[in-house]
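Novice: Right, I'll just put the structure down here and ask away after.
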Amino acid sequence: MLREMLVLFIVLLAGAIAGVMSARWAADHPTLAGAARAGAWQAWPDAGVADAMPYARLRYYLDGALPPSPVDRLELLALRDDDGKALVSDCDYELQGRMLPVRSWIMSVHAVHGGPASALLHAEDAVLEPDGSVRVRLGRQVQPGNWLALPPDDGRLRLVLHLFGISPLERERILKRAPFSIRRGKCA
C-alpha cells in the first residue's frame, strides 16, 4: 500500500513539473504564445482580452505585469536585433524609425530576466531628426541625441515599446511593419 502511494506521488509530481516546464517553454516561444512579429519586434495584441491564449497572458505574468488593455494600448518587445542576434548589454545599438501615429509612447531597456527598466525614453522627450524620424542610441557611454543607458551587468537585454492612444487601424499597421529598426554597433 505504501509503495503504491509513493509511486502515485512520484507520478503526480513528475506530471506537475512537466506541466509547469512545458507551459514556461510555450510562453517563451512567441509563435506558441500567439505573438505577432514585426521585424525584430513581437507583440501579444490579444493578451488582454477575455478569451486570450493562456500562454500570451503567462508571458506577462512571468514578467510580473498585467497584459495591456486591448482598447488603446499596445506593447512590443524586442529580444534580438534585425540580424537575429540576441541583444546584449556589452554592445551598442542604434534604433531608427518614423514618429508613430499614437498619442504617446515610451521605450524602455530591461535585463532579460525582469527587474526595473535601466532607462526610459518618452515620446515627449525624443529629439527628432530633420526628416521627422527618431534615432535612439543604446550604450553604456553617453551619446548625443536620444540615448538610453544599458544596464551595468553583462547579460541579455529586452527592449519594450509601450504605445498609448492607438487606433485599431494603426495597431494593425504597426503589427505588420517594424516600428524601429535595431542595428548592432561595436561590442566591448
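The values are calculated or read from the model by the stated rules, or taken from the named source; none is laboratory data. This structure is a prediction, so every number in the text was calculated from the model and none was measured. Here the Cβ is made from the backbone with ideal geometry for all residues, glycine too, and neighbour counts use every protein chain on show.
Novice: Being touching a Gly at 6+ places or on another chain (Cβ under 7 Å), under 18 Å from Trp41 (Cβ atoms) and either assigned to a loop (DSSP other than H, G, I, E, B) or aromatic (Phe, Trp, Tyr) (or both) is true for just one of Pro179, Pro101. Which residue is that?
Specialist: Step by step, each of Pro179, Pro101 is checked, and only Pro179 is touching a Gly at 6+ places or on another chain (Cβ under 7 Å), under 18 Å from Trp41 (Cβ atoms) and either assigned to a loop (DSSP other than H, G, I, E, B) or aromatic (Phe, Trp, Tyr) (or both).
Novice: Could we say that Leu157 is closer than 16 Å to Ala119 by Cα and in contact with a Pro (Cβ under 9 Å, 6 or more places away or on another chain) here?
Specialist: yes
Novice: Given the conditions (1) outside any strand (DSSP E or B); (2) closer than 19 Å to Asp81 by Cα, and given that Leu159 satisfies all but one, which numbered condition is not satisfied?
Specialist: (1)
Novice: Right, Gly132: without any contact (Cβ under 8 Å) to a residue 60 or more places away in the chain, on the phi > 0 side of the Ramachandran plot and of a type outside the set (Val, Ile, Thr) or not?
Specialist: yes
Novice: OK, next. Do you know which of the residues in the range 82-107 that are of a type in the set (Gly, Ala, Ser) and in contact with a Pro (Cβ under 9 Å, 6 or more places away or on another chain) is farthest from Ile174 (Cα to Cα)?
Specialist: Ranking the candidates gives Ser89 first.
Novice: Follow-up question, since we're still on this one. Looking only at the range 120-145, count how many residues are farther than 24 Å from Leu175 by Cα and either among the hydroxyl-bearing types (Ser, Thr, Tyr) or assigned to a strand (DSSP E or B) (or both).
Specialist: Residues flagged as farther than 24 Å from Leu175 by Cα and either among the hydroxyl-bearing types (Ser, Thr, Tyr) or assigned to a strand (DSSP E or B) (or both) within the range 120-145 amount to 1.
Novice: The conditions are (1) among the aliphatic types (A, V, I, L, M); (2) more than 20 Å from Lys85 (Cα to Cα); (3) under 17 Å from the mean Cα position of the chain (by Cα); (4) in a strand (DSSP E or B), and Leu148 fails exactly one of them. Which is it?
Specialist: Every condition holds for Leu148 apart from (2).
Novice: Could you go through the range 83-93 and let me know if any residue there is in a loop (DSSP other than H, G, I, E, B), surrounded by fewer than 14 Cβ atoms within 10 Å (Cβ to Cβ), modelled with pLDDT under 90 and out of contact with any Cys (no Cβ under 8 Å at 6 or more places or on another chain).
Specialist: No.
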